[in-house]
Amino acid sequence: YSASLSAIAIGDLGEFDRKHLEAEFGPAGQSFEALTKDSGLETSWRATFEAPSAAIVEAGVAADLLVVGPGDHSLLSDRRSAAAGDIVMQTGRPVLVVPDSSESVPVSANVLVAWKNTSEAQRALADAVPFMKQAGSVILAHVKEMPEASPDLTDAIGFLLRHGVAAKAHSIAPSGDGVGTQLLDLASRSQTDLIVAGAYGHSKLREWAFGGVTRDLLTRSKIPCLLSH
């Protein structure tokens with residue numbers, strides 16, 4: 001009997017939430033139309049009752065690029081907003097993560113590529129070509145794993161050249177600060193407008209356990225990041 005009561009209560013609550021969301025969809029759609037009508041872009045408004053991150057991943061098949069805010073990555077995150085980490089790890093599209101403090105999305109920018117010869121970084125490098133073709137400068141940065149290591153960046157530089165992008169290679173000596181911190185420091189010193197990186201992580205319970213660099217970019221970067229998995 002108590003189980004039946006619980007089921008009824010949950011059902012009523014779900015119906016209340018659905019009606020509340022339906023009421024919000026109208027004004028949200030109107031705001032979207034108002035913001036995009038003079039953009040010169042073809043746009044469409046979609047409303048769904050899916051969880052935010054799942055809804056964006058599902059709709060990603062229709063997009064070349066997903067643009068999202070960083071969101072919340074904790075287990076107790078607000079399920080009413082999308083988490084960039086969830087999206088980038090589950091979609092097959094590049095994800096441009098724009099910090100809440102940013103007022104615009106970089107178009108003609110100084111680009112810093114966090115390079116390591118992995119499938120994720122290769123994917124990110126290819127996905128970022130349209131941005132880099134318009135960039136003022138492109139730095140291909142590699143953090144050495146050993147002080148004496150000399151990474152060969154020739155193929156990555158050559159790939160970009162074949163796409164009309166002239167990039168400068170930059171090797172960073174290892175330190176105790178961590179790779180993410182070193183990359184963010186370099187981005188600040190080089191007046192970077194966009195960071196490009198492969199995203200690394202694996203599923204852990206209800207959240208993603210991210211690699212150190214990915215976690216730092218998602219949680220600490222004040223610069224928009226183009227991430228690919």
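Here, each number is a calculation from the coordinates, and none is a lab measurement. Note that the coordinates shown come from a computational prediction; the quantities given were computed from them, not determined experimentally.
Quick notes on this structure:
- For HIS229, the residues 5 or more places off, or on other chains, whose built amide H falls under 5 Å of its own are ALA199.
- Structure note, pairs LYS19/LYS222; LYS133/LYS222; LYS37/LYS133: Cα-Cα distances above 29 angstrom occur for LYS19/LYS222.
- Compared with the direct C-alpha span, the chain from SER175 to TRP45 gains 42.1 nm at full extension, assuming 0.36 nm per residue.
- Database remark: amide H of VAL67 closer than 5 angstrom to the amide H of LEU96 (H placed geometrically; neighbours at sequence offset of 5 or more, or on other chains; Pro and chain starts carry no H).
- Within a straight-line Cα-Cα reach of under 16 Å, LYS144 can be paired with the following aspartates and glutamates, leaving aside sequence neighbours fewer than 8 residues apart in one chain: ASP152, ASP177, ASP185.
- 3J(HN,Hα) along the range 100-108, derived from phi through the Karplus expression 6.51 cos²θ - 1.76 cosθ + 1.60 where θ = phi - 60°, amounts to 4, 7, 6, 9, 8, 9, x, 10, 9 Hz, with x in place of Gly and Pro.
- Length gained when the stretch ARG162-VAL129 is fully extended (0.36 nm per residue, less Cα-Cα span): 10.8 nm
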